[in-house]
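Undergrad: Attaching a single structure in structure tokens format; questions to follow.
The values are calculated or read from the model by the stated rules, or taken from the named source; none is laboratory data. Since this is a predicted model, take the numbers as computed values, not measurements. Cβ coordinates were reconstructed from backbone atoms using ideal geometry, including for glycine residues, and neighbour counts include every protein chain displayed.
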Amino acid sequence: MSALRTLLLASALSFVSVGLAATGAMAQSGSIDRAVSGYSFEDAAKEAPGTRDFHSNDGVLTFAIVTHTAGNGFFDPVYVGALSAANMIGAKVLLLGSESPTDDPAREIEILNQIIQDPTLDGLIMTTPQVGAYDDIVKAAMDKGLPVATTNSYDGSILNRNAISHTGQDAGAAAIAGEALVQCLQERGVTGGTILLPNDTAMGNIEVNRRVTAAYEAIVAGLAKAGTLGNFKVDAGPESVGVSADMNDPVNSIISLIESRGDVVGAFAGNNVFTPALAKAVAQTGNSGKMCAYGFDLGPAQQEALRSGDLTGALGQQPFLQGFWPVMQLYLQIDRGIAAANLDTRAQLVTGETVGSVGKRFEN
């Protein structure tokens, strides 16, 4: 009996061994290492020999990223993303931008006109908040043979638009905040009042204007669907791009709007200027936790306001990607000839309950 058990055990082990060997063989049977036309994938995945000597011919790729406001913290994770991508591909990236804490396209353009003359430059990344103001920069880059990528704000009419990649959030994503605002009102049992969407179109930022319009339309649609639109006054100004407010004194502008209406139950702000101001206005008028207040971006001020209840929610636009992908796009354009590969970074709605998970890796 013992001999029989030994024989059966040996047979079983032999079967398992053969089965494993067969399984291993089958797992490898679909392996592919060459293209249909015969070239090696390993060789094809390597960087082109002349990539590091593109344009400046100095053995290193140098890109510049220029933003329209580096003074309020929003673009910090954008710069982190750009540097992360540059480190991955062994490139150099110059982190530049207006020192102003508010939108300053004029200063950005001044920096762009300076950096475009740098003989070590191999590619340019820029934000384009002021429509029609960047054609000369693009033309100068094209004349020098420098590839361009835009990020964050979008100018659909920019010179050579269809050949230039863009990374950023479609303004229509602001509808997510509009829908959330309506849901907030419904959950709190609010049956009427004024909803404000403050903005200053004098900033010349068409992207912000479009956000306000998208949020406004979503609020109106949501209230209409609920059959309560007639009970509310949704004020985004006569052109649906925002009720007029002063970017140089945003807090007091919003406080004046709230106090003059007397029945404000909700509000949406479309950028990093008016969102922290909205939070302060909510706090100073005693509306923390009462008003359904939504905003844009997830900088330190917004995160603190979400924690305190001065903001109900805010939309993040994945700014890390807005630095990371343009650098990779320029590299791919130089090394692979891949151009105009756009990336929509969409929107992430963050509330007081979820704010703790934001910003742990500088991705706010």
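Undergrad: Hey, could you check the range 173-190 for residues that are in contact with a helix residue (DSSP H, G or I) (Cβ under 7 Å, 6 or more places away or on another chain) and closer than 26 Å to residue 79 by Cβ and say which is surrounded by the most Cβ atoms within 10 Å (Cβ to Cβ)?
TA: 174
So that you can scan it fast, the table gives a plain yes or no per residue for (1) buried (at least 17 other Cβ atoms within 10 Å of the Cβ); (2) not in a helix (DSSP H, G or I):
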| residue | (1), (2) |
| --- | --- |
| 289 | no, yes |
| 303 | yes, no |
| 306 | yes, no |
| 314 | yes, yes |
| 338 | no, yes |
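Undergrad: Okay, moving on. Every residue in the range 241-264 that is part of a strand (DSSP E or B) and of a type in the set (Ser, Thr, Tyr), please.
TA: Within the range 241-264, 244 is the sole residue that qualifies.
Undergrad: Can you tell me which of (1) crowded, with 22+ Cβ neighbours inside 10 Å; (2) in a helix (DSSP H, G or I); (3) at pLDDT 95 or above is the one residue 83 doesn't meet?
TA: Just one mismatch for residue 83, condition (1).
Undergrad: Is it the case that residue 139 is farther than 30 Å from residue 251 by Cβ, in contact (Cβ under 8 Å) with a residue 12 or more places away in the chain and part of a helix (DSSP H, G or I)?
TA: yes
Undergrad: Still on this model: Whether any residue in the range 95-106 is surrounded by 15 or more Cβ atoms within 10 Å (Cβ to Cβ), of a type outside the set (A, V, I, L, M, F, W, C) and farther than 28 Å from residue 202 by Cα is what I want to check.
TA: no
Undergrad: Can you name every residue in the range 265-280 that is more than 13 Å from residue 310 (Cβ to Cβ) and either part of a helix (DSSP H, G or I) or more than 21 Å from the chain's Cα centre (by Cα) (or both)?
TA: 265, 266, 274 - these are the residues of the range 265-280 that are more than 13 Å from residue 310 (Cβ to Cβ) and either part of a helix (DSSP H, G or I) or more than 21 Å from the chain's Cα centre (by Cα) (or both).
Undergrad: Under the condition of being hydrophobic (A, V, I, L, M, F, W, C) and assigned to a loop (DSSP other than H, G, I, E, B), which residue from the range 150-209 is nearest to residue 124 (Cα to Cα)?
TA: 164
Undergrad: Hey, among 298, 278, 311, which residue is out of contact with any helix residue (DSSP H, G or I) (no Cβ under 6 Å at 6 or more places or on another chain), closer than 24 Å to residue 103 by Cα and assigned by TED's automatic domain parsing to the domain that holds residue 242?
TA: Testing whether each residue is out of contact with any helix residue (DSSP H, G or I) (no Cβ under 6 Å at 6 or more places or on another chain), closer than 24 Å to residue 103 by Cα and assigned by TED's automatic domain parsing to the domain that holds residue 242 leaves just 298.
Undergrad: Somewhere in the range 225-240, is a residue assigned to a loop (DSSP other than H, G, I, E, B) and crowded, with 22+ Cβ neighbours inside 10 Å?
TA: Scanning the range 225-240, I find at least one residue that is assigned to a loop (DSSP other than H, G, I, E, B) and crowded, with 22+ Cβ neighbours inside 10 Å, so the answer is yes.
Undergrad: Those residues that are within 20 Å of residue 298 (Cα to Cα) and of a type in the set (S, T, N, Q), I need them from the range 85-112; list them, please.
TA: 98, 100, 102
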